[in-house]
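First the structure, in the form of structure tokens, and then the observations on it.
The values are calculated or read from the model by the stated rules, or taken from the named source; none is laboratory data. No experiment lies behind these values; they were computed from the predicted model shown. Virtual Cβ from ideal backbone geometry, glycine too; neighbours counted across all protein chains shown. In case anyone asks, the SASA skips ligands and DNA or RNA and just uses the protein heavy atoms, side chains included. Shrake-Rupley method; radii C 1.70, N 1.55, O 1.52, S 1.80 Å.
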Amino acid sequence: MKMVRSMILGIAALVLVAGVAGAADEPFYKGKTIRIVVGYSPGGGFDGFSRLLGRFLSKHVPGNPSVIVVNMPGASSMSAANRVYAMQPGNGLTIAVFNAGTLIQAVNRDPSVKFDPRKYIWLGDPALGSLPEVLWVRSDLPVKTFDDFKNSKEILHSGSTGIGSASTAATQLLRYLGYPIKAIMGYGGTARVMAAMERKELDARVMSQATMQGTYKRYIESGLVRPILSIGDEPRLKAIPGIATIKDLNLNAEQQKIADFMIGTWKLLRLFALPPGTPPDRVATLRKAFMDTLNSPELLEQAKRQKLIISPASPLSVEKTVAGLYTASPELLAKYDEIVRGK
């Protein structure tokens, strides 16, 4: 009897050990849900890239978790950046997507910034940055050329989301240089800005060439907008012919210095990040999955149909950009802040 009991206990122990081992071998992400928290409203470039990534990400994460996209617009994506950062220590189930322009606000110690860019854990940027930034004007307005813009007696009202965007910075730079333009901030995303242009509530929008020619190409094809001025260079894009460039602004040495700094900050745009404290193994898993997804034939085919250019920036390149911002002089940062806030 004792022998039978011992055999039963031994078998039970083996079953228990096998069960524990099986559970240990089971991928962390099996049965889980990853949330991608986007700092803008639906329909824009940030939302589009996030949903494109989310559609295929599960296939490249061991355990094939569900992936959902959550929109959290506010303060040009600052709300999402702050909220996800506060979720530390991260558990690898929440990814923040926010505008690289918020990094400058962080370096400048803007009180609205509640995160440290040096502590965020970067996955990367899926596409081209904001270069070049292009001034797009409604085609029904008398502003047909850069000279028309420069000599206009009427101020162009250009829509933007908020201080932390390249669109706002470029618009405010033009205003600082004396051009007749004003940033109208507070829109939840580019889709809402473009809708306002269609309603003729806004005159213009400063937006990256790639975004307008991709996500919003119908506005070009329908003749609703025309390009007037291009600021910055992106060798992977064909330059728009027949429009003014930064050389036509005839900047002096001081103006050129601040313009160069701004342009340098536009090399990144859509940052994907994890909260501090996310376990290293999950960071490694998601970083690999992020790059594998962006390089997968299925995503690239879908991106091609949507006219989206996939050109990923690595976590290391984001870290280098962040480190470079912290080497800028206090005087340069103060001047940047003065310009973007229209002081």
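Just to confirm a number: summing +1 for Lys and Arg and -1 for Asp and Glu over residues other than Lys288 whose beta-carbon lies under 13 angstrom from that of Lys288, what do you get?
Numbers: positive: Lys59, Arg282, Arg287; negative: Asp281, Asp292.
Local net charge: +1.
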TODO: Pick out which of Arg51, Arg35, Arg109 has the largest mean-square fluctuation in a Gaussian network model of the chain, springs linking Cα atoms closer than 10 Å.
DONE: Arg109
Task: Heavy-atom accessible area per residue - the chain, 1.4 Å, Å² - done: 46
Open item on the list: Given the -39500 (n - 2.57) contribution per DSSP H run of 4+ residues, what per-residue ellipticity at 222 nm results for the chain, rounded to the nearest 500 deg cm²/dmol?
Closed with: -12500 deg cm²/dmol
Task: For region 184-343: rounded, prolate or oblate by the Cα gyration tensor [a/c cutoff 1.5] - done: oblate
Task: Listed residues Ile339, Ile246 arranged by accessible area, highest first, probe 1.4 Å - done: Ile246, Ile339
Task: Ser79, Ser50, reordered so the largest accessible area comes first (probe 1.4 Å) - done: Ser79, Ser50
- [ ] Roll a 1.4 Å probe over the protein heavy atoms and report the accessible area of Val67 in Å², nearest 10.
- [x] 40
- [ ] With a length cut of 27 Å (Cα positions projected on each helix's long axis) and a Kyte-Doolittle mean of at least 1.0, go through the chain and give me the DSSP H helices that pass.
- [x] 2-25
Task: Under 5 Å, built H, 5+ apart or other chain: amide partners of Ala313 - done: Asp125, Ala127
Open item on the list: Once ligands and nucleic acids are excluded and a 1.4 Å probe is used, how much of Lys182 is accessible, expressed in Å² to the nearest 10?
Closed with: 90
- [ ] May I ask which of Lys114/Lys200; Lys119/Lys257; Lys30/Lys307; Lys119/Lys304; Lys153/Lys267; Lys59/Lys304 have a Cα-Cα span longer than 26 Å here?
- [x] Lys114/Lys200; Lys119/Lys257; Lys30/Lys307; Lys119/Lys304; Lys153/Lys267
TODO: Please list the equivalent ellipsoid semi-axes of the chain, computed as the square roots of five times the alpha-carbon gyration tensor eigenvalues, in descending order and whole angstrom.
DONE: 46, 21, 16
TODO: Can you check what the net charge comes to around Val225, using other residues whose Cβ is under 9 Å from the Cβ of Val225 (Lys, Arg +1; Asp, Glu -1)?
DONE: +3
Task: Accessible-area composition of region 211-316, carbon plus sulfur, in percent [1.4 Å probe] - done: 53
Task: Shape of region 75-188, Cα gyration tensor, a/c cut at 1.5 - done: prolate
TODO: Please compute the net charge surrounding Thr245, taking Lys and Arg as +1 and Asp and Glu as -1 over other residues with Cβ under 15 Å from its Cβ.
DONE: -3
- [ ] Could you order Lys238, Lys114 so the one with the most accessible surface comes first? Probe is 1.4 Å.
- [x] Lys238, Lys114
Task: Under 18 Å from the Cα of Lys288 - aspartates and glutamates, other chains or at least 8 residues apart - done: Asp125, Glu298, Glu319
